[in-house]
Each structure stands twice: as structure tokens, then as C-alpha cells.
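Peer 1: Input: one structure, supplied below.
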Amino acid sequence: MRISANGSDVLVVGGGIIGLVTAWRSALHGLSTTLADPDPGGGAARVAAGMLAAVTELHHGEQTLLGLNLASAARYPAFVAELEEASGQETGFRACGTLSVALDSDDRAHLRELHALQQRSGLESEWLSGRECRRLEPMLAPGVRGGLRVDGDHQVDPRRLASALVTACERAGVVLRRERVQRLSVTGGRATGAALRDGTELTAGQVVLAGGSLSGRLAGLPDAVVPPVRPVKGQVLRLTVPPAYAPFLSRTVRAVVRGSHVYLVPRANGELVVGATTEELGWDTTVTAGGVYELLRDAHELVPGITELPLTETGAGLRPASPDNAPLLGPTALPGLHLATGHHRNGVLLTPVTGDVMAHVLTTGELPEPGRPFSAQRFAPAASQEHPPHPSSEDTAPASQEQPV
Ligand SMILES: Cc1cc2nc3c(=O)[nH]c(=O)nc-3n(C[C@H](O)[C@H](O)[C@H](O)COP(=O)(O)OP(=O)(O)OC[C@H]3O[C@@H](n4cnc5c(N)ncnc54)[C@H](O)[C@@H]3O)c2cc1C
């Protein structure tokens, strides 16, 4: 077994957007940082739509998560400016807003409820009639009954975001090891590094597990710190809006059609992302005829003109979901081991705040305020907790049935 010549201050296991932002921010805080992933910049961001939907994604029982989502949304403009400067790459961030629409009276009642919840939560959203919706987005179906205009829910291109993070990491001095981590190393009751699949042993003062939906599968994790993260499959389509059809849609448009959530995210470069299914099928990422059919059927009901557009790509990815749909951040009961995972349907939105929270944890040992309710230990058996979990009842609320992103 080879031993790396120099241990790092921090070893990040997993190079999806969450591992990458953790490594980048850690390096910017002066910590020598290594990140191991066979394919850094891959993961769920290859498939994700990139909606930054703090307001339109609000669900009953998730008000604590709302605070973190809003904190991250507020960071986004400055975060992408810094990342684009550091990487020399664009991220496709668009401050375009979102329109959630209703196609029948049930949908309208559901949206009215969401509007009331948003108002009670102090969020900005405006109720529009069907005609007002179509005035904003003329491609909408004539049957649209009304909608919610949310000017603060924007979008970013997750593939470009991931690519920019890889470059920013490299430029900040993060050592990228393009290899799978085989096993966590634990010595004297402390996480001390990890063994790569090629046999290399990496040592580090602190290890961050950011393996997305695979986070609970890493060998060598003591039972008490295995994160309760499961994969939730989402299928997505990519269409292209030819220049002659532009602007097809000017903002993200979403709806609930016969109980299924569907959204259309128009990018500045003409890409139109249509998503997404929500399926609990383990690590399966097959694109199915049924998934594609349902997405096209529902999107067509919302915006009939999409059938004219070239279908350029289909794909499926895995959201890393925790029991309460919120991330698991910071120290575990195993000294030296931290988690940054479980971001489920909001991982793109939560990238900036996760980077800040994890850098703070890695430099001070403490979770800072926006991350405190999301302690990695909140689901651990009481005996193995280093610190008791945050007392908020919202944190342990059962998972919402609605998982639209
Ligand atoms: C269909 C779909 C649509 C989505 N839409 C949105 C959206 O609109 N807005 C939003 O905010 N979020 C969205 N998301 C969610 C978002 O994409 C995820 O929350 C986020 O990408 C998770 O990032 P991650 O880095 O935690 O995990 P992942 O992206 O899963 O990355 C984990 C990484 O860890 C690596 N890894 C795992 N095990 C090991 C190991 N043993 N050794 C080394 N490396 C390892 C993997 O190779 C992978 O690169 C969507 C997700 C899906 C699937």
C-alpha cells in the first residue's frame, strides 16, 4: 500500500457540486485540501435543472429548511460572480424569476394554499389571473387558470456550475485525485484519511464525506455515523429552442398536472430543460419510455408548442435525500469525520451556503448559524451524539410527499 507523502488538512470524499464547493472554500480558508472522485464535476448536477427555487419549493413542515434556502439564494449573485472570476468560466446564472401556474380548479386551490403559506412566511409572490399569466408567457396553454409570479426564484446551469467549481478548485490549489475512495481510514477512534481504489492511502486531519446518494455506502464507516441518505431518481429531458422560436419562454414555468410536478427551465443558450420524475428505485438511472412520455405529456399540456422543438437529450440522476429532505452538515460522532450530503432536491440552490458553512466548520469545529439546525448528528442514536441535535420540531418532520425537483 502506497502512503501519500504529505497528509492534507482536509480530504473531501466526492466531487459533486457539494464536495467541490466544500473543497474550494476550504482551500480559500488556507487549509491544504485534497478531493477524491473518479469523475469530479459529475454526479446529479449533470442532470439537474438548476432552479434556485427557495420560494416556489416551499412545503408545509419545511420552514426551517426555508431559512437555509433563502440564505443560499441571497448569496447566489455574489457567489457566481466570485466563482466566474476565480474560474474564468460562466455559470449560466439567470435572474429570470419563476411562474407557477394552475391548469384546473384543483391545481388552482393547491396554488392558492401555497400562496397563503408564502404570505404567512413573509415571502414575495403575486397572484395572477390566467390572462395575466399568458401576457407574461404567451406560449402557455389557453386553459391556464391562474398562477403565482415569483420574481426572486432564479436559475443557474448546474453543468457549468460544476465545471467552474472544478477549475476554481484547481486554481485554489485543491489536489484532485481522480479515483474512487475504497474505504475510510479510522485510527485510534478518529477518521484519519482514506484508501483509494488504486491502493493509495491518503491521510488528512479532517475528512468530509460528500458522496451524494452513495454517502452511506462507504466502507469503513462505523455503524453509528452511516448517513441516512437514499437515492431519489429523477428523469429529465433537454430540448432546444431554435433561434426562430426565441424567446419561447422568458422565465421558469412550473405546474402540478394531475398530481405530477412538471417544470420548464429556459436557458439563455436556447436549451429548455423539462423535468422531473420522482422515483424511489434505488440506484437505478434508466431512462424509461414511461418517464419520457409523462414529462412530455404534462409539459405539452402546459406549453403545447414544445412538440415543435428538437428533443436533444434524455437523462436520469439521483437526488441524495435525507429523512427530512434537508442536508446533513458538519461533525459526526466520529472525531475527524464531517458530512456534507443529503441536499436532495435543493443541492444546486444550497451550494453557496454549504460552502460557507463547511469552511467555517473545518476552520473552527463549530456549525455557524445558518447551518446549525442541519447537524449531521440529528438522526444519530442518542448514545453516539457528540452534541445533542437542534431542538426544532421542523427538523425531524416526516418527509413531504411532494418532491417536485
Ligand atoms: C432530476 C434532478 C433535478 C434536480 N433539479 C434541481 C434543481 O432544479 N435545483 C436544485 O437546487 N437541485 C436540483 N437537484 C438536486 C441536486 O442536483 C443535488 O442535490 C446535488 O447535485 C447533489 O450534489 P452532491 O455533490 O451532494 O451529490 P452528487 O451530485 O451525487 O455527487 C456525489 C459525488 O460523489 C462521488 N462519490 C460517491 N462515492 C464516492 C467514493 N466512494 N469515492 C469517491 N467519490 C465518490 C460521485 O462520483 C459523485 O461525483 C436535482 C437533482 C436531480 C436528480
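The values are calculated or read from the model by the stated rules, or taken from the named source; none is laboratory data. Everything quoted here is computed from the prediction, not taken from an experiment. In this analysis, Cβ positions are derived from the backbone assuming ideal geometry, glycine residues included, and neighbour counts consider all displayed protein chains.
Peer 1: Scan Gln206, Gln182 and give me the residue that is polar (S, T, N, Q) and without any contact (Cβ under 8 Å) to a residue 40 or more places away in the chain.
Peer 2: Values: Gln206 fails: without any contact (Cβ under 8 Å) to a residue 40 or more places away in the chain.
Exactly one of Gln206, Gln182 is polar (S, T, N, Q) and without any contact (Cβ under 8 Å) to a residue 40 or more places away in the chain, namely Gln182.
Peer 1: Out of the range 200-233, which residues are hydroxyl-bearing (Ser, Thr, Tyr) and either surrounded by 19 or more Cβ atoms within 10 Å (Cβ to Cβ) or near the ligand (Cβ under 7 Å from one of its atoms) (or both)?
Peer 2: Across the range 200-233, the qualifying residues are Ser213, Ser215.
Peer 1: Scan the range 221-271 for residues that are modelled with pLDDT under 95 and basic (Lys, Arg) and report the count.
Peer 2: Within the range 221-271, residues that are modelled with pLDDT under 95 and basic (Lys, Arg) number 1.
Peer 1: Out of Arg149, Arg145, Arg171, which single residue is within 25 Å of Ala27 (Cα to Cα) and among the basic types (Lys, Arg)?
Peer 2: One residue alone meets the criteria, Arg171.
Peer 1: Counting just the residues of the range 93-108 that are in contact with a strand residue (DSSP E or B) (Cβ under 8 Å, 6 or more places away or on another chain) and among the small types (Gly, Ala, Ser), which one comes out surrounded by the most Cβ atoms within 10 Å (Cβ to Cβ)?
Peer 2: Ser100
Peer 1: Shifting gears a bit: List, please: which pairs have Cβ atoms under 7 Å, are six or more places apart or on different chains, and start with a residue in the range 155-174 that is part of a loop (DSSP other than H, G, I, E, B) and end with one that is modelled with pLDDT under 95?
Peer 2: Going by the 7 Å Cβ cut-off, there are no qualifying pairs.
Peer 1: May I ask you to verify whether Gly371 is in contact with a helix residue (DSSP H, G or I) (Cβ under 9 Å, 6 or more places away or on another chain) and closer than 25 Å to Gly234 by Cα?
Peer 2: Considered against the rule, which asks whether it is in contact with a helix residue (DSSP H, G or I) (Cβ under 9 Å, 6 or more places away or on another chain) and closer than 25 Å to Gly234 by Cα, Gly371 comes out as no.
Peer 1: Hey, another quick one. Got a sec? Which of Gly317, Gly330, Gly305, Gly371 is in a helix (DSSP H, G or I), of a type outside the set (Lys, Arg) and surrounded by 23 or more Cβ atoms within 10 Å (Cβ to Cβ)?
Peer 2: On the way: Gly317 fails: in a helix (DSSP H, G or I); Gly330 fails: in a helix (DSSP H, G or I); Gly305 fails: surrounded by 23 or more Cβ atoms within 10 Å (Cβ to Cβ).
From the options Gly317, Gly330, Gly305, Gly371, the qualifying one is Gly371.
Peer 1: Still on this structure: Answer yes if at least one residue in the range 260-279 is in contact with a helix residue (DSSP H, G or I) (Cβ under 7 Å, 6 or more places away or on another chain), more than 13 Å from the ligand (Cβ to nearest atom) and part of a helix (DSSP H, G or I), and no otherwise.
Peer 2: no
Peer 1: Within the range 123-131, can one find any residue that is part of a helix (DSSP H, G or I), buried (at least 18 other Cβ atoms within 10 Å of the Cβ) and aliphatic (A, V, I, L, M)?
Peer 2: Taking the range 123-131 first, the residues part of a helix (DSSP H, G or I) are 130-131.
Of the ones still in play, those that are also buried (at least 18 other Cβ atoms within 10 Å of the Cβ) are 130.
Of the ones still in play, those that are also aliphatic (A, V, I, L, M) are none.
Within the range 123-131, none of the residues are part of a helix (DSSP H, G or I), buried (at least 18 other Cβ atoms within 10 Å of the Cβ) and aliphatic (A, V, I, L, M).
Peer 1: Within the range 215-224, is there a residue that is over 30 Å from Glu84 (Cα atoms), without any contact (Cβ under 8 Å) to a residue 40 or more places away in the chain and of a type in the set (Lys, Arg)?
Peer 2: Yes: the range 215-224 contains one or more residues that are over 30 Å from Glu84 (Cα atoms), without any contact (Cβ under 8 Å) to a residue 40 or more places away in the chain and of a type in the set (Lys, Arg).
Peer 1: Something else: What residue, among those in the range 6-40 that are assigned to a loop (DSSP other than H, G, I, E, B) and buried (at least 24 other Cβ atoms within 10 Å of the Cβ), is farthest from the ligand (Cβ to nearest atom)?
Peer 2: Here the residue is Pro40.
Peer 1: If you don't mind, another one. Can you tell me which of (1) in a loop (DSSP other than H, G, I, E, B); (2) surrounded by fewer than 24 Cβ atoms within 10 Å (Cβ to Cβ) is the one Thr64 doesn't meet?
Peer 2: Going through (1) in a loop (DSSP other than H, G, I, E, B); (2) surrounded by fewer than 24 Cβ atoms within 10 Å (Cβ to Cβ) one by one, Thr64 breaks only (1).
Peer 1: When the residues of the range 268-281 are filtered to those that are touching a residue at least 40 places away in the same chain (Cβ under 8 Å) and under 18 Å from the mean Cα position of the chain (by Cα), which remaining residue is surrounded by the most Cβ atoms within 10 Å (Cβ to Cβ)?
Peer 2: Ala276
Peer 1: Check whether at least one residue in the range 64-79 is more than 21 Å from the chain's Cα centre (by Cα), closer than 30 Å to Leu329 by Cα and either within 16 Å of the ligand (Cβ to nearest atom) or of a type in the set (Phe, Trp, Tyr) (or both), and report yes or no.
Peer 2: No, the range 64-79 contains no residue that is more than 21 Å from the chain's Cα centre (by Cα), closer than 30 Å to Leu329 by Cα and either within 16 Å of the ligand (Cβ to nearest atom) or of a type in the set (Phe, Trp, Tyr) (or both).
Peer 1: Also: Any residue in the range 33-49 that is hydroxyl-bearing (Ser, Thr, Tyr) sitting within a Cβ distance under 8 Å of a residue that is part of a loop (DSSP other than H, G, I, E, B) and surrounded by 24 or more Cβ atoms within 10 Å (Cβ to Cβ)? List the pairs, counting only those 6 or more apart or interchain.
Peer 2: Listed by first residue and then by second, the contacts come to Thr33/Val174; Thr34/Val174.
Peer 1: Does Arg254 satisfy being closer than 23 Å to Leu136 by Cβ and either surrounded by 19 or more Cβ atoms within 10 Å (Cβ to Cβ) or touching a residue at least 60 places away in the same chain (Cβ under 8 Å) (or both)?
Peer 2: Judged against the criteria, Arg254 is a match.
Peer 1: Here is a check on your reading of the model: is Asp324 assigned to a helix (DSSP H, G or I) and either acidic (Asp, Glu) or touching an Asp or Glu at 6+ places or on another chain (Cβ under 9 Å) (or both)?
Peer 2: On the way: assigned to a helix (DSSP H, G or I): no; either acidic (Asp, Glu) or touching an Asp or Glu at 6+ places or on another chain (Cβ under 9 Å) (or both): yes.
Against the criterion (assigned to a helix (DSSP H, G or I) and either acidic (Asp, Glu) or touching an Asp or Glu at 6+ places or on another chain (Cβ under 9 Å) (or both)), Asp324 does not qualify.
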